[in-house]
Amino acid sequence: MSRIDRFSVPLLVSVLVLGSYSAAVTAATAELKINQNKQCIMCHKRNGKMFGLHANDALDLTCQNCHGEKTGHPRKASELIGFATKSVAKSADQTAVCLQCHDVETLSQADWTHDVHSNKVNCASCHQLHPEVDPIIGVTAPERSEMCRDCHSAN
């Protein structure tokens, strides 16, 4: 066996094993504990499943951790928090929920925009937490500048 074969065969096996592991993890995402919350999922099948970083059984999150208790929802008034610009929940209330777990200082060190916007707009103005990947993560610097112009245009 040549020297190259000694290293390339184990490397190839490792790649194949990791590839099959990531496929198994992706398939198992629908089985995460947060996605088995029948109280919410029975109505919110299409938009209620949680994927991505927050869909992690080790975090032990439930829908209620972020959205609150359903109380009278859907038939009666409730204090459920929606995370969107069209939500009736105030931006400060939405941000406060995120800050229960996320540290303000760490966020501002990660990106200056967190510090500047934390008390003005909700996190969902830029972030989406239910998809497998938060779309803001892949945004390039020029695209981010364009997003700034969308909100800060001089009309």
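A short reminder: the numbers here are calculations on the coordinates, not readings from a lab. Just so it is clear, the structure is predicted and the values come from calculations on it, not from any experiment. Positions of Cβ are generated from backbone atoms using ideal geometry, with glycine treated the same way; all protein chains shown enter the neighbour counts.
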Check: D for the stretch 32-151, whole µm²/s, Stokes-Einstein with Kirkwood Rh over alpha-carbon pairs at 4 °C and 1.567 mPa s: what number?
Finding: 83
Margin query: When only alpha-carbon atoms are used, what values of Rg and Dmax, in angstrom, describe the stretch 43-102?
Written below: 12.2, 33
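What GluC sites (Glu not before Pro) in the stretch 57-155 are in a loop by DSSP, with at most 16 other Cβ atoms within 10 Å of the Cβ?
Working: sites: Glu69, Glu79, Glu105, Glu132, Glu143, Glu146; in loops: Glu69, Glu79, Glu132.
Loop-located and lightly packed - Glu69, Glu79, Glu132.
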Notebook entry, point to check: Hey, which lysines would be in cross-link range of Lys120, C-alpha to C-alpha under 30 Å, not counting anything within fewer than 8 residues on its own chain?
Noted result: Lys49, Lys70, Lys76, Lys86, Lys90
